[in-house]
Amino acid sequence: MNLFLTDPNRAYYLHEIAKLTSISAGNIRRELKIMVKSGLFQSYRQGRLVYFIINQDTVLFEAVKTLMKNASVSANEDIYGQALSWVSKPTASSLPKEIYCQTRDIFLARLQSFAERLEIKIGTDAYLVAAVAGEIGNNSFDHNLGNWPDLPGICFASSPNRVVLADRGQGILKTIRNVRPQVKNDARALKVAFTEVVSGRYGEKRGNGLKFVSSVVSDKNWSLRFQSGRALLELSKEKKLKITEMPGIIRGCLAMLKY
Amino acid sequence: MTIKLYKFGDFLISRPAGRDAYLSAKAYLLNKKADAIELDFEKIKVLTPSWLDEFLMMLKKDYPEAEIKYRPSDNPTVISSLKTISQSP
């Protein structure tokens, strides 16, 4: 539908649509047949090809245009749901390329561009948002580089007032157990990661990143949801750190910052 | 001796970039002996504790006797990163 709404004056033939949308010609033919019958589309033959064009004279045209516009807004707002679905699946699926950063270089380039656009809207707080997102995203690369269980890289997406980051890496528990083998579960591992200076990279004196995240989120009255394995950490505007056990398990980490 | 950090870029975010910046500073900017080293954050847009930690860790290892000073900055990421680093044991 988006294809036809982008340029409503343009007609397409069946295999052209299939090629542009990566949907099988059979499925497209079946759907178009219904829509021609409803009056939303018109078809005509030119030589050996049958062309389809959206009918701008029908009352359905404006309704569909509005519906698609709203659907696009909700898709943008549901970036958390999209990331959650990606980290919840037992086997890796691909992400839309605009939110998938396979390498750190791609992530950092997109983060910089995001921060520069955000600065126009919210001023220097955009730098803090970028620093927080940078620490979470870089953490994923620092702890999984060369050791991704399936798909390398992270999901980095934004919509107004929020940023979502996710990875299908080893998760906080496995990382923390490198230096604290006695840590029993995901909830305890999250608590350690956000409140103690400890790095999962054995032999390295590190571990400030998530403490910095926690401190900035509290100072700015933002909120953060950070899930790893079965545990969800929530840092609310009331500056309370709450960790709960979730019914479902996720691979790696999933974070949403609201600013 | 003053190191102007913007010479490494104005988005100082990742650990590998902090490490790389230090190695470059050591090769081209730092003297073999220094009593005091000052970090200047002017023109920096984003600084994270990870970048700074990596840079400082190697600096302190190579110059254990040098006093490390920080030029005041009103950038919120610089202030927050320095606060986090200073609380680290």
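The values are calculated or read from the model by the stated rules, or taken from the named source; none is laboratory data. If you're wondering where the values come from, they're calculated on a predicted model, not measured in any experiment. Every residue, glycine among them, receives a Cβ derived from its backbone with ideal geometry; neighbour counts consider all protein chains shown. All accessible areas refer to the heavy atoms of the entire protein, side chains included, with ligands and DNA or RNA removed. Shrake-Rupley method; radii C 1.70, N 1.55, O 1.52, S 1.80 Å.
Residue by residue through segment A:208-232, note down the ones that are in contact with a helix residue (DSSP H, G or I) (Cβ under 7 Å, 6 or more places away or on another chain) and of a type in the set (D, E, K, R).
Correct list: A:Lys211, A:Lys220, A:Arg230.
Going through segment A:120-132 one residue at a time, which ones are facing another protein chain (nearest Cβ under 9 Å) and either closer than 15 Å to A:Ile106 by Cα or at pLDDT below 95 (or both)?
Of all residues in segment A:120-132, those facing another protein chain (nearest Cβ under 9 Å) come to A:124-128, A:130-132.
Listed by number, the residues that qualify are A:Thr124, A:Ala130.
Among the residues of segment A:237-257, how many are in contact (Cβ under 8 Å) with a residue 60 or more places away in the chain and open to solvent by less than 80 Å² (accessible area, probe 1.4 Å)?
Of the residues in that region, 8 qualify.
What are the residues in segment A:12-58 that are loosely packed, with under 14 Cβ neighbours inside 10 Å and either in contact with a Gly (Cβ under 6 Å, 6 or more places away or on another chain) or in a strand (DSSP E or B) (or both), if any?
Across segment A:12-58, the qualifying residues are A:Tyr44, A:Arg45, A:Gln46, A:Leu49.
Using the structure shown, decide if B:Leu47 is out of contact with any strand residue (DSSP E or B) (no Cβ under 6 Å at 6 or more places or on another chain), within 13 Å of chain A (Cβ to nearest Cβ) and closer than 24 Å to A:Glu196 by Cβ.
Numbers: out of contact with any strand residue (DSSP E or B) (no Cβ under 6 Å at 6 or more places or on another chain): no; within 13 Å of chain A (Cβ to nearest Cβ): yes; closer than 24 Å to A:Glu196 by Cβ: yes.
Criteria not met by B:Leu47.
Okay, residues lined up against (1) within 14 Å of chain B (Cβ to nearest Cβ); (2) within 29 Å of A:Gln112 (Cα to Cα); (3) hydrophobic (A, V, I, L, M, F, W, C); (4) open to solvent by less than 50 Å² (accessible area, probe 1.4 Å):
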{"position": "A:Pro152", "(1), (2), (3), (4)": "no, yes, no, yes"}
{"position": "A:Pro160", "(1), (2), (3), (4)": "no, yes, no, no"}
{"position": "A:Val197", "(1), (2), (3), (4)": "yes, yes, yes, no"}
{"position": "A:Leu235", "(1), (2), (3), (4)": "no, yes, yes, yes"}
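So, B:Tyr6, is that one touching a Phe, Trp or Tyr at 6+ places or on another chain (Cβ under 9 Å), open to solvent by less than 20 Å² (accessible area, probe 1.4 Å) and aromatic (Phe, Trp, Tyr) or not? Please lay out each step first, then the result.
Details: touching a Phe, Trp or Tyr at 6+ places or on another chain (Cβ under 9 Å): yes; open to solvent by less than 20 Å² (accessible area, probe 1.4 Å): no; aromatic (Phe, Trp, Tyr): yes.
In short, no.
Table: residues versus (1) part of a loop (DSSP other than H, G, I, E, B); (2) within 20 Å of A:Gln112 (Cα to Cα); (3) touching a Ser or Thr at 6+ places or on another chain (Cβ under 8 Å); (4) at the interface with chain A (Cβ under 7 Å from one of its Cβ atoms).
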{"site": "B:Glu42", "(1), (2), (3), (4)": "yes, yes, yes, no"}
{"site": "B:Leu52", "(1), (2), (3), (4)": "no, yes, yes, no"}
{"site": "B:Met57", "(1), (2), (3), (4)": "no, no, no, yes"}
{"site": "B:Lys61", "(1), (2), (3), (4)": "no, no, no, no"}
{"site": "B:Pro64", "(1), (2), (3), (4)": "yes, no, no, no"}
{"site": "B:Ile68", "(1), (2), (3), (4)": "no, no, no, no"}
{"site": "B:Thr77", "(1), (2), (3), (4)": "no, yes, yes, yes"}
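Can you name the number of the only condition in (1) in a loop (DSSP other than H, G, I, E, B); (2) open to solvent by 30 Å² or more (accessible area, probe 1.4 Å) that A:Leu95 fails?
Status for A:Leu95: all satisfied but (2).
Which condition number does A:Gly81 fail, the rest of (1) more than 9 Å from chain B (Cβ to nearest Cβ); (2) modelled with pLDDT of 90 or more; (3) in a helix (DSSP H, G or I); (4) open to solvent by less than 50 Å² (accessible area, probe 1.4 Å) being met?
Of (1) more than 9 Å from chain B (Cβ to nearest Cβ); (2) modelled with pLDDT of 90 or more; (3) in a helix (DSSP H, G or I); (4) open to solvent by less than 50 Å² (accessible area, probe 1.4 Å), only one is false for A:Gly81: (2).
Quick one: in segment B:43-89, which of the residues that are small (Gly, Ala, Ser), surrounded by fewer than 20 Cβ atoms within 10 Å (Cβ to Cβ) and touching an Asp or Glu at 6+ places or on another chain (Cβ under 8 Å) is modelled with the lowest pLDDT?
Keep residues of segment B:43-89 that are small (Gly, Ala, Ser), which gives B:50, B:66, B:73, B:80-81, B:86, B:88.
Checking which are surrounded by fewer than 20 Cβ atoms within 10 Å (Cβ to Cβ) leaves us with B:66, B:73, B:86, B:88.
If we keep only those that are touching an Asp or Glu at 6+ places or on another chain (Cβ under 8 Å) too, we end up with B:66, B:73, B:88.
Values: B:Ala66: 92, B:Ser73: 97, B:Ser88: 72.
Per the criteria, the residue is B:Ser88.
Can you tell me which residues in segment A:114-150 are open to solvent by 50 Å² or more (accessible area, probe 1.4 Å) and small (Gly, Ala, Ser)?
Quick first cut of segment A:114-150, residues open to solvent by 50 Å² or more (accessible area, probe 1.4 Å) only: A:116-117, A:119-122, A:124, A:145-147, A:149-150.
Scanning segment A:114-150 gives a single hit, A:Gly146.
Restricting segment A:221-233 to residues that are open to solvent by 10 Å² or more (accessible area, probe 1.4 Å) and in contact with a Lys or Arg (Cβ under 7 Å, 6 or more places away or on another chain), which is farthest from A:Asp167 (Cα to Cα)?
Residue satisfying both the conditions and the ranking: A:Asn221.
In segment B:1-36, which residues are within 13 Å of chain A (Cβ to nearest Cβ), over 11 Å from the mean Cα position of the chain (by Cα) and on the phi < 0 side of the Ramachandran plot?
First pass over segment B:1-36, keeping only residues within 13 Å of chain A (Cβ to nearest Cβ): B:9-20.
With over 11 Å from the mean Cα position of the chain (by Cα) added as a condition, the list becomes B:9-11, B:13-17, B:20.
Once the filter is applied, which keeps residues that are within 13 Å of chain A (Cβ to nearest Cβ), over 11 Å from the mean Cα position of the chain (by Cα) and on the phi < 0 side of the Ramachandran plot, segment B:1-36 yields B:Asp10, B:Phe11, B:Ile13, B:Ser14, B:Arg15, B:Pro16, B:Ala17, B:Asp20.
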